[in-house]
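S.K.: Take this structure, written in structure tokens, and hold onto it; I'll ask about it next.
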Amino acid sequence: MSQQTQSPSQAARDANPERSDPATDVVDVVILLHGIRTRAFWYDLVQPILGEIDGTVVKPLGYDYFSALRLVFPFFRSGPARKIADDIRDIKSRYDQKNKRVRISVIAHSFGTYTIATLLRQTRDIDLHHLVLCGSVLPNNFNFDSISRKIHGKFVNDAGARDAWPVLAKISSFGYGVSGTFGFQSGLIEDRFHDFAHSDFFNKEFIRTYWLPIFDQDQVNHSSYERKPSWRTRLINLLALAPPGILLVGLIAAALYLAVCDLQGDRPFDTHQSDRQGTIEGKAGGGPPCGTAIHTKVDRNRGVRR
């Protein structure tokens, strides 16, 4: 049985996986960006498939474990964008030293979409070739005018019709939106809808069908999925109507209420305190303390009149 020999181009590629395109002396670097509360195991699926493309290097980047608490509060969000910007500059510098031109593309998931959009708005020295978003938490009315000129190839948003996480991100804080569920509906980016939840994009069939052609052939394959109403999508639509940050505002308001009650020495949810309510009101000499309405209701249920 004869041994199969490699072609010269394949042998050269195996010997040097970072080989540039001989026709243009360009190295295509595809960066992968993950979301929150994850170690990004999907990198292991995407990297070998896109790595099959000649002249392409796949670079998984990250910003360590990003918790939900950091997602909610805006002042924790800028760190990942700065870190990824520095990583991209390092990659470009490395190839500049080899006298090679590099084209940077990005696949970003979940909070990674917020990170790359923030990076593009805040930097002047970083442009992208292709940009693919999935599970996006960017607002669907995001202003792409400021960054679209920095994206020179394909700009695609893969949205999951059953993805509730962008909606939860929107109502949990400010600056997020539901583009990962309902798309951007913008002429500057192509929306593709799929019958997916938040992380269903990460399977080999999808990657080969929809992502590989973008980076291998500069081709966008359209999705044949037709969105249809279901109990889950109706529930997601209902939640999406809530104002941005409503959960965060509610939690802060509840925390302030309980803090004020604690300073007044009152415990609004302590039903046993209703027996001492008259004494407390008499000593206070002012308005009723926190939780009076709750105590009054409890006392009426006991048949006690105030």
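S.K.: Inspect the stretch 62-76 for any residue being surrounded by 14 or more Cβ atoms within 10 Å (Cβ to Cβ), at pLDDT 90 or above and part of a helix (DSSP H, G or I) and give the result as yes or no.
M.R.: no
S.K.: Return the residues of the stretch 215-255 that are under 21 Å from the mean Cα position of the chain (by Cα) and either under 30 Å from residue 27 (Cβ atoms) or not in a helix (DSSP H, G or I) (or both); say none if nothing qualifies.
M.R.: 241, 242, 243, 244, 245
S.K.: Take the stretch 168-179 and flag every residue that is among the polar types (S, T, N, Q) and either surrounded by fewer than 22 Cβ atoms within 10 Å (Cβ to Cβ) or part of a loop (DSSP other than H, G, I, E, B) (or both).
M.R.: Scanning the stretch 168-179 gives 172, 173.
S.K.: Next question, about the same structure. How many residues are open to solvent by 30 Å² or more (accessible area, probe 1.4 Å) and of a type in the set (Lys, Arg) when one looks only at the stretch 189-219?
M.R.: Count: 2.
The values are calculated or read from the model by the stated rules, or taken from the named source; none is laboratory data. Only a predicted model underlies this, so the values are computations on that prediction, with no experimental measurement involved. A quick note on method: Cβ atoms are made from the backbone with ideal geometry, for glycine too, and the neighbour counts reach across all protein chains shown. Just so you know, the surface numbers come from the protein's heavy atoms only, side chains and all, with ligands and any DNA or RNA stripped out. Shrake-Rupley method; radii C 1.70, N 1.55, O 1.52, S 1.80 Å.
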